[in-house]
């Protein structure tokens, strides 16, 4: 028996009978079936699919299930060769357990223990050996618009850059967006910026506070990557250090992790040479693979506007089989992350395809692959879209929906940055839903899901979540559930399906999202980003003004 205790602490009073009923139609829309959603979640997160790892039999079963559901709903296959599948070529990169990393000072080498103290992969996608000077770069940010330059007067070419994830703390919305995390704070940015500057390797010192999740989440030695361009510089090692390893390394510069983080957070920070070299041997194996997005289309009713579309997304993949976190269970079933979002996507496709009359613009339903590897499926789609991104009105994404009951509020972080914001607020009002600010914006959730890949392509994009106001529940009920999920369930084998989950709130979120999608599909003009937004230029370059 696999562990079943994790959610009981926060969802002890579920009303299963309430959630077993199909939700009645409103305004002539087809009924939303909670039982279909429940069945899809249960199947997609079953042991049979073995955690839906990319390039596995679990992938085949998952995408075949999604394609069958799209076909049954009447969606048009718009993938490769008139199928529902879009091939996404990747390279599976694995660091062998015999990899080594050590601090070298003079003739003394102090090794780190693989996995316990360091993890990561080669981005050059080959075995790497390096012995290079280590330099502490704070948060590793170059943001001239905020007057912040961690790389000022320092050449990191050929060096090992040591940084924290996250960004300088702020309450000023004009300085790193206040409490909300910008892309500068994401770990992906740290690697990208150092790569642009020719660094040999990057090591991010992990803390729960700066990362927003425990070290166990990053404790892996493999991952999928998009195939590297020949001749283009890439990191020999993109890795993480545990907080204990960080203490060992920073001590050579007379610093503790806490002291180094305080310096990194201080305006005017300047790079600190650590006075040591870092020597790494990173034996790497690679395997080229083809994974797949699943894409279906519902054509719009207007003969001109049907060449444009709204797009609904959810990622089908999860982590596959890995190490046990509790007992002997090694299957990362990914029931919440993201069988819930995928099941919602399937039901929304059924509803959208059945509605009469159909909206003017078309609708694309995209189940993406390799989200857990860095939004790779969504990134590939953005580079190879079915309908050009300049003709894509809006992206609504669904990623992890907690089964907590009927919400009285929603979170649509990022919608306020677009010209669709007044419409989104009006729809929420009609559905008697308050719009909550993103309580987890400081963790950079906006940059951690597939909508971000579409946003980088210029499309107004955001995820839709239930808020913390839950009908009949204490004010802190949802917050406690989310805190428990992040601490105990997220990216562990404990993320399993439960038959007693209360899915009664799913239709509330779905009806709201469906109406937002319909409004965008019927609008006279395409929405765009607000003046000054980081994605506006890309939107304008695609032809939307």
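Bear in mind these aren't lab numbers, they're just calculated from the coordinates by the rules spelled out. All figures in this text were calculated on a predicted structure; none of them were measured in a lab. Cβ atoms come from the backbone with ideal geometry, glycine included; neighbour counts cover every protein chain shown.
Could you tell me which of rounded, prolate or oblate describes the chain, using a ≥ b ≥ c as the square roots of the eigenvalues of the alpha-carbon gyration tensor, with rounded for a/c under 1.5 and, failing that, prolate when a/b is larger than b/c and oblate otherwise? Intermediate results must be reported in sequence, preceding the final value.
Details: a/c = 1.68, a/b = 1.54, b/c = 1.09.
Prolate, since a/c reaches 1.5 and a/b exceeds b/c.
Between residue 142 and residue 60, residue separation times 0.36 nm minus the direct Cα-Cα distance comes to 25.3 nm.
Label-to-label distance, residue 267 versus residue 545, with points set 7 angstrom from Cα along the beta-carbon direction: 3.8 nm.
The range 322-367 to the range 501-545: how many Å between their Cα centroids? When both Cα centres are located, 18 Å separates them.
Return a whole-number percent for the relative contact order of the range 97-282, with Cα pairs under 8 Å and 6 or more residues apart as the contact set. Walk me through the intermediate numbers first.
Details: 389 pairs, mean separation 69.7, N = 186.
Computed over the range 97-282, the figure is 37 percent.
Among rounded, prolate and oblate, which fits the range 136-217 when a ≥ b ≥ c are the square roots of the eigenvalues of its C-alpha gyration tensor, a/c under 1.5 means rounded, and a/b larger than b/c means prolate? Judged from the Cα gyration tensor, the range 136-217 comes out oblate (a/c at least 1.5, b/c at or above a/b). Computed extension length for residue 172-residue 47: 40.3 nm, one decimal, from 0.36 nm per residue of separation with the Cα-Cα distance subtracted.
Given a Förster distance of 35 Å, report the FRET efficiency between residue 289 and residue 107 from their Cβ-Cβ distance, rounded to the nearest 0.05.
Values: r = 43 Å, r/R0 = 1.24.
So the FRET efficiency works out to roughly 0.20.
Fully extending the segment from residue 524 to residue 179, taken as 0.36 nm per residue of separation minus the present Cα-Cα distance, adds 120.7 nm.
According to the square roots a ≥ b ≥ c of the eigenvalues of the Cα gyration tensor, what is the shape class of the range 318-453, taking rounded for a/c under 1.5, prolate for a/b larger than b/c otherwise, and oblate for the remainder? Please list the in-between numbers first.
Numbers: a/c = 1.63, a/b = 1.35, b/c = 1.21.
Prolate is the answer for the range 318-453, as a/c is 1.5 or above and a/b outweighs b/c.
Each of residue 483 and residue 68 was given a label point 7 Å from its Cα along the Cα-to-Cβ line. The distance between the two points is 4.2 nm. Helix 187-196 versus the longest principal axis of the chain: what is the Cα-based angle in degrees, 0 to 90, to the nearest 10? Value to nearest ten degrees: 60. For residue 82 and residue 247, the FRET efficiency from 1/(1 + (r/R0)^6), where r spans their Cβ atoms and R0 equals 35 Å, is about 0.05. Over the chain, DSSP H runs of length four or greater, each weighted -39,500 (n - 2.57), average out per residue to a 222 nm ellipticity of -7000 deg cm²/dmol.
For the pair residue 321 and residue 153, what calculated FRET efficiency results from E = 1/(1 + (r/R0)^6), where r is the Cβ-Cβ distance and R0 = 56 Å, to the nearest 0.05? Intermediate results must be reported in sequence, preceding the final value.
Values: r = 47 Å, r/R0 = 0.85.
Once the sixth-power term is evaluated, E becomes 0.75.
Panel order for 504, 301, by other beta carbons found within 10 Å of each beta carbon, from fewest to most: 301, 504.
With angles folded into 0 to 90 degrees, how steeply does helix 421-430 sit against the dominant principal axis of the chain? Use alpha carbons for both and round to 10. Helix 421-430 sits roughly 50 degrees off the main axis of the chain.
Each of residue 425 and residue 281 was given a label point 7 Å from its Cα along the Cα-to-Cβ line. The distance between the two points is 6.2 nm.
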